[in-house]
């Protein structure tokens, strides 16, 4: 098993197109690896970048969605007439309107709901939609719609869902399929042989993605053709889902997503809002803009599911792991989704006897979606705290215990070797940069203020692969355009891809324009998620640029009457290293001037067989805990990341430190809170849902880049970064809190109240 199914949820898994000719590894680079600013930095900071939420079209209407206020209810009656009678309201649709019965949440061979379903299974489920001349008229119209609900019993967490007599979310069991079980070796024998055994149960909270730009679309019909400006991580995924829902050919749906204000996995698929906007636009004959209020995004656009995990570890006296058993119970929400959270535990450390069990259940709350390393931060929270507890019982340093059990092969995947294995280097170099040994010994504190340090490690089980196609065009003046379908989700994708093309063509990044994320003008790309964009698309970009490079050298060889093998490109010129007198600007190539433009097409080769490619990381944290108030302050974090070749050290650091901050939210502040009496979310806003702010960010954060190209995996030597940059942070913080205070807090987030409750039985 890998995580590809998490990101490509519909249809067959992607496969490679006919790959282009293999390219040799770069021996040295002039552009790749540098700390370069983003190619669109000015547009982003000046406000001239047009995000989908900024799009305004002539005669455009605004739209909004009426949502169910109950966690479980049946819609008995909907009266749209009061809304339609209001000034400025141009259309309204409800459960009985044309198009409302479009199947939605397709999984396991069936559709689990409709676009507007009378059976509402979570607060925030869509009931009706309206379009009006202004956003204010939309708000008034939504309030005017008369709805009669039959309120039904509900279940709010994974443990309630499995209790006898629990209200069913769907007919039959609340299980989302059968539990998934993985085993190797003999766990019982491994535990019996262990000198030390630890067992503990951990809980993680439901987190919300909360991107800066809310979800939404602008749509316009031109006859029977639909154009969508969507805030999405994958324009082709949205195109496919919208075309299916509306019964349109793919060629009649164009999706544009040049900029987006974050997604973290919540924007990997089409939302109901896009199809509702399209129905309203068709009914009115006018463009429609439908963006969700912030409160709606908390209720209906996805989450990281809550999990309860039990870990049991056994080890010999020297620290060698003899057995590992882990079980997870996770809440998918009201519709099918994965809440699996044990995969990383089965491969992160060498262990011959392993058993893992994942069970996912329905609850009456918003549906889970992939959120930056789905399942892995939850697993790290449990596994890495259990490893620290095991180290304590063995009298070992937590770092030494992990180094003792570094795996040499992918144990769950046929014991195949890793193409590059960076866990040990992350542990050693991260510890060195952090000053681990000294920090473990020095525990400064005063009165009720205690300091401690902790660490945690991880890998991310998915590194991308085909298909990917890129097109590079070199113009007669020596400038170029790169065209690719991948979305830049804020990570700097356009910048690093331009750097790859610039490296191959030997021209400045400033002379490369990037066209991307438009189903009407760019080649197909899978969604940008799972840390797969750079390792998936950069080899295709390099191949396309290399194809242009070959054409340039062939034209130069003919013009200079020299063998092509003697020529190379440097700083926008054709040169001969052995003869400095030969130096010709690319713009002076007669063949280029005659043709006007040279075109190169590159595709991504299949992943190599017989090896497993994954990125690794190890994070180290120092905290200060006020044992009287329970407040935790993170003082510093060092994140060591093995993600193959570093294409841009500036964006590499940005990604890493952003992941750390997200991990701090997991550890200390973020939690969806549902009222047990009403079933409603009580913190569906940015005031009460506690995202980390600048006041929560450590003054000292450092990234240790294990810059080791994985040439066996792809032609750019890259692996993923975004996911492993956030996986181990929370566990490292929890371990640091224990080191500071001796208090093991097993439930995330570690709020002051939870810390004080856990510390209640301890003295001193």
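Using only the Cα atoms, work out Rg/Rh for segment 142-187, with Rh taken as the Kirkwood radius, to two decimals.
Checking Rg against Rh, the ratio lands at 1.26.
How do 362-371, 191-200, 206-215 rank on mean C-beta neighbours within 10 Å, highest first?
362-371, 206-215, 191-200
In segment 420-546, what % of DSSP beta bridges are antiparallel (nearest 5)?
60
Quick check for you: which residues of segment 123-137 have the amide N under 12 Å from the point 7 Å beyond the Cα of residue 295 toward its beta carbon?
124
Between residue 415 and residue 251, what length comes free when the chain is fully extended (0.36 nm per residue of separation minus the Cα-Cα distance, one decimal in nm)?
Contour length minus the Cα-Cα distance gives 54.6 nm.
Work out how far the C-alpha atoms of segment 650-717 reach from end to end along every principal axis, then list the three figures in whole Å, largest first.
56, 30, 16
Given a cut-off of under 8 Å on Cα pairs at least six residues apart, what relative contact order in percent is computed for the chain? Walk me through the numbers on the way to the answer.
Values: 1969 pairs, mean separation 124.8, N = 764.
The value is 16 percent.
Run the quick spin-label model on residue 566 and residue 443: label points 7 Å from Cα toward the beta carbon, then report their separation in nm to one decimal.
Computed distance between label sites residue 566 and residue 443 equals 7.2 nm.
Calculate the FRET efficiency for residue 476 and residue 521 from the Cβ-Cβ distance with a Förster distance of 30 Å, rounded to the nearest 0.05.
Working: r = 22 Å, r/R0 = 0.72.
Calculated value: 0.90.
Against the globular-protein guess of 2.2 N^0.38 Å, express the Cα radius of gyration of segment 627-764 as a ratio, rounded to two decimals. It would help to have the intermediate numbers written out before the result.
On the way: Rg = 18.1 Å, N = 138, 2.2 N^0.38 = 14.3 Å.
Against the compact-globule rule of thumb, the ratio is 1.26.
Could the peptides 432-441, 636-645, 216-225 be put in order, highest first, of the mean number of other beta-carbon atoms found within 10 Å of their residues?
Values: 432-441: 15.6, 636-645: 27.0, 216-225: 18.7.
Per-residue mean Cβ counts within 10 Å order the peptides as 636-645, 216-225, 432-441.
For residue 148 and residue 192, what does the FRET efficiency come to when R0 = 51 Å and r is the distance between their Cβ atoms, rounded to the nearest 0.05?
The computed FRET efficiency comes out at 0.25.
Just to check, using Stokes-Einstein with a Kirkwood Rh over alpha carbon pairs, what's the diffusion coefficient of segment 98-141 at 20 °C and 1.002 mPa s in µm²/s? Could the numbers behind the result be given before it?
On the way: Rh = 12.2 Å.
My calculation gives 176 µm²/s for D.
Kirkwood Rh, Cα Rg: Rg to Rh for segment 178-334?
1.23
To the nearest 0.05, what FRET efficiency results for residue 628 and residue 433 with a Förster distance of 35 Å applied to their C-beta separation?
It comes out at approximately 0.60.
For segment 199-286, what is the convex hull volume of the alpha-carbon atoms per residue, in Å³?
That works out to 124 Å³ per residue.
Using alpha carbon centroids, what distance separates segment 83-107 and segment 290-363, in Å?
Distance between centres, Cα-based: 37 Å.
Report the Stokes-Einstein translational diffusion coefficient (µm² s⁻¹, integer) for segment 544-593, Rh taken as the Kirkwood radius over Cα pairs, at 10 °C with viscosity 1.306 mPa s. It would help to have the intermediate numbers written out before the result.
Numbers: Rh = 10.7 Å.
The calculation lands on 149 µm²/s.
Taking a quarter of the surface of the Cα convex hull of segment 52-174, what do you get in nm²?
So the Cα hull casts an average projection of 9.6 nm².
What is the spread of the Cα atoms of segment 573-656 along each of their three principal axes, largest first, in whole Å?
78, 36, 29
Mind checking the full-extension length gain between residue 712 and residue 133? Use 0.36 nm per residue of separation minus the Cα-Cα distance, one decimal, nm.
Numbers: separation 579, 0.36 × 579 = 208.44 nm, distance 5.66 nm.
The residue 712-residue 133 span can extend by a further 202.8 nm.
Cα gyration tensor of segment 607-683, axes a ≥ b ≥ c as square roots of the eigenvalues: rounded (a/c below 1.5), prolate (a/b > b/c) or oblate?
Oblate, since a/c reaches 1.5 and b/c is not below a/b.
Could you state the per residue volume, in Å³, of the convex hull enclosing the Cα atoms of the chain?
Taking only Cα atoms, the chain has a hull volume of 170 Å³ per residue.
Within 10 Å, count the other beta carbons around each residue, average over each peptide in 747-753, 171-177, and list them highest first. List each step's numbers first, then the result.
Numbers: 747-753: 19.3, 171-177: 14.4.
Those peptides, ordered most packed to least, come out 747-753, 171-177.
State, to one decimal in nm, how far the label point of residue 582 lies from the label point of residue 79, with both points 7 Å from Cα in the Cβ direction.
With each label placed 7 Å out from Cα toward Cβ, I get 8.7 nm.
Above 23 Å lies some portion of the pair distances; for segment 500-585, what is it as a whole percent of all C-alpha pairs?
For segment 500-585, the fraction of Cα-Cα distances above 23 Å is 36 percent.
Enter the per residue convex hull volume of segment 193-248, computed from alpha-carbon coordinates, in Å³ rounded to the nearest integer.
Roughly 185 Å³ of hull volume per residue.
Just subtract the alpha-carbon distance of residue 96 and residue 170 from 0.36 nm times their residue separation and send over the number in nm, one decimal.
The span from residue 96 to residue 170 would gain 24.5 nm if fully extended.
Could you tell me what percent of the DSSP beta bridges with both partners in the chain are antiparallel, to the nearest 5?
Antiparallel bridges: around 80 percent, rounded to the nearest 5.
Provide the percentage of antiparallel DSSP beta bridges, counting only those with both residues in segment 278-394; round to the nearest 5.
Of the beta bridges lying entirely in segment 278-394, close to 50 percent run antiparallel.
How big is Rg to Rh over segment 302-348, alpha-carbon atoms, Rh as the Kirkwood inverse-mean-distance radius?
Reported Rg/Rh, Kirkwood definition of Rh: 1.14.
We did not get these values from a lab; they are worked out from the coordinates using the rules stated. The structure presented is a predicted model; accordingly, all values stated were derived computationally and were not measured. No Cβ is skipped: glycine too gets one built from the backbone with ideal geometry, and neighbour counts run over all protein chains shown.
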